[in-house]
Structures are given as structure tokens and as C-alpha cells.
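FYI, it's all coordinate maths here, none of it is from the lab. Treat the numbers as computed from the prediction; the structure is a model and nothing was measured. Ideal geometry is used to build each Cβ from the backbone, glycine not excepted, and the neighbour counts take in all protein chains shown.
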């Protein structure tokens, strides 16, 4: 037994050394500069290390995230404010598959050539090729929009830019997405009538606890309690911002329907009025997601996904199971929040049609404004 334990510890040390090779090399040659960010700035339970680095390629990123089976209109860009998982340590974060051994989920890369990044956004807005249905995410697919706002100041610079008709003549939408409660950084910024959407990633507390980040040494949750995020959403709403919610991934442990019913009732009781609520069930780009979770030393999820099958761009639970889950949660939301538009994220056309949710009201998108939803990849990708 002692021999086996010794061999196991040796294996763990070798794994840690291997996974850290790339990150350690970037730190050693000065490409990445390690910086400690105080918890009072991020809102995290502990101070956190990040790496600062210069973005060398275009920070305005564009990809078609759909395919012939999966609906995701190529009408939105994302601003690369960082690289790799954001630092919340979520145990099913798809960004672990983006760079694998090259990004530490607990020490994200945050770009620091900020003036250049903001200048690039200004040129994007001023382009004659810009359309009113184009939107830009503030790191929504590459980081967290507000977790490091106290370090970068992106929102404080870009929200006035997007709110200014002279600099944003097409009124393109800026989309924020956060698991933080850091809306105090938005206080005093243009909000009412501005093309800004502040989205909060939420779930019932018991569901969030199954998959969101936990410190490996104590298993203390890293992300803020859901109650704090909902209060932050209410604050943003009272500031005058358009607010949105994202329930993704919806998990289905024992008693999940009661959990979601109580959660939705809380939304109504708090007087939250999200313009949109986007739903997503658990999905994976690759079966290697949990392998990289383990390699980086993140605790395992406390929920086992159902048997996964490939459908479009992702591995999902069976279609019938997803339809049942979406229908239950969407029904609760329609009843409690009758003015909120409900949509599903990166889902197949078949699921959307069965649900009667074949719309383009998902979180990353601006209002349709008469544009057809089936535009081509090339049409969406114009600079």
C-alpha cells in the first residue's frame, strides 16, 4: 500500500511538472508577467495570480460557432481581453480545451496593451461595413467581462464608446457576461437607452455548487453566491442597463425541477426584468474535457452527465432528454417573466423546432431589426 501511494504521488508530481512546462517557460522568458490581484478588486474569496501579456494578434475575434445542424448566427464578435479559463475554476469550462496544457485555469492570461485594444474597437465601430445587427462581446468567450474590470478598465472605456452615437453610428451592441457581482464598476456610466447588455451567468445555488469552481485545498466555492449575482443584476437594472440572464449549463440532479422552480420564483420576487434569458444544457466539445480538468488539478464535478451523443457542434444528452429539460425550465420562465425572451444556446435545429424556440434571441445577439436569421457565414464575417 505504501509503495502504491508513493508511486501515485510521484505520478501526480510528474503530471504537474508536465502541465506547467509551457506556462513556466512563458514566465521565465518574460513573455508573461505574474501579478497578484487583491480580492477586494476581483471580489474573489482570495487574492489571485494572473499573467499580464501583450496581445499580438487582432483582439477582435470572429468564428462561426454553429454548423449545418447547430444554430449560432455568425453575427457577433468577441474581444480577446484574456486567454484561457478566466480564473473562476469552473470544473466544466470549455476553455480548458482551447489551450489545454498552455493555460493554467487558476492563473489566466490578461492582456495589458489596453489602449491598442480599445483603438481597434473604435475602428471596428467606425467601419462602413458595420451593421446594426452586429454585436461585440466583452471577452464573453475568452474570459469574464467584469472579474478583472478593476485591473483593465475595459467596461469603463468601452461602454461610453458604444453609448456615443458619433463613435457607434450603427448602435452595435456591447454584450457583457459575468459570474461576478462587480457591477459597482459600472456606476455612473451611460446606461439608459445605450446599446449595452449586462448578462449574469446564474443557476439555482445547489446546481451552481455542483460544477462551478472550488479551491482544491478546501473545496470552498470560488464564484460568488447566486444571491449576490442576482442582487448585482438588480443593481444593474436600476442603473438603467439592459440586463439578461444565462442559465447554462442546466443540470438535472435529483430534485432539479423543484430547484429551478424555486429559483425562477426568486427572480420574480426580486423584480428582475431581464430582456432575455438564454438556456443551455450540459454539453462538451470533446470527451477530453474531464481529462484536462483532472490534469490541472481541479476537483471533479459533483454531478454525472447522462450518456453523451454527438449532435451538431457538441456532445449532448439525448435529444428527448434535452427537450424535456428545456421545456420544463422555459415553461417556468414564461410564467414568471412573461416579458423576457427565451432562447437556447448552440442547439440543433431539431431541438429548437420541437420547443417552438426557433428564434434569434440568444445572449450574444443584438435585436434582429428585420435581418433574416439564416445569413451566411461570409455575410456575418465582414470587417
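Mind ordering 299-307, 196-204 by average Cβ neighbours within 10 Å, highest first?
196-204, 299-307
Can you give the Rg to Rh ratio for the stretch 149-196, taking only C-alpha atoms and Rh from Kirkwood? Numbers along the way, then the final one.
Details: Rg = 10.9 Å, Rh = 11.3 Å.
We get a ratio of 0.96 for the stretch 149-196.
Gap in Å between the Cα centre of the stretch 191-230 and the Cα centre of the stretch 45-68?
Using only Cα atoms, the two centres lie 20 Å from each other.
Which residues among the stretch 297-331 fall inside the zone where the amide N is under 11 Å from a point 7 Å beyond the Cα of residue 257, along Cα→Cβ?
325, 328-329
Taking a label point 7 Å from the Cα of residue 129 along the Cα→Cβ vector, which residues of the stretch 165-181 have an amide N closer than 15 Å to it?
No residue passes the distance filter.
Which value in deg cm²/dmol, rounded to the nearest 500, describes the helix-derived mean residue ellipticity at 222 nm for the chain, given -39,500 (n - 2.57) per DSSP H run of n ≥ 4 and division by the residue count?
On the way: 13 runs with 133 residues, N = 383.
Calculated at 222 nm, the ellipticity per residue is -10500 deg cm²/dmol.
Nearest 5 is fine: what % of DSSP beta bridges in the stretch 54-380 come out antiparallel, could you say?
Working: 13 of 38 bridges.
Taking every DSSP beta bridge with both residues in the stretch 54-380, the antiparallel ones total about 35 percent.
For residue 35 and residue 164 in the same chain, what is the full-extension length gain: residue separation times 0.36 nm, less their Cα-Cα distance, in nm?
Details: separation 129, 0.36 × 129 = 46.44 nm, distance 3.36 nm.
Once the chain is fully extended between residue 35 and residue 164, it gains 43.1 nm.
Return the single residue from 279, 173, 357 with maximal mean-square fluctuation; model: Gaussian network over the chain, springs between Cα atoms under 10 Å.
Of the options given, 357 has the highest mean-square fluctuation.
Considering only 166, 236, 53, give the residue with the highest GNM mean-square fluctuation for the chain, with springs between Cα atoms whenever their separation is below 10 Å.
166
Under the 0.36 nm per residue contour assumption, what length would be gained going from the current alpha-carbon distance of residue 339 and residue 120 to full extension?
Details: separation 219, 0.36 × 219 = 78.84 nm, distance 3.58 nm.
This chain segment gains 75.3 nm when fully extended.
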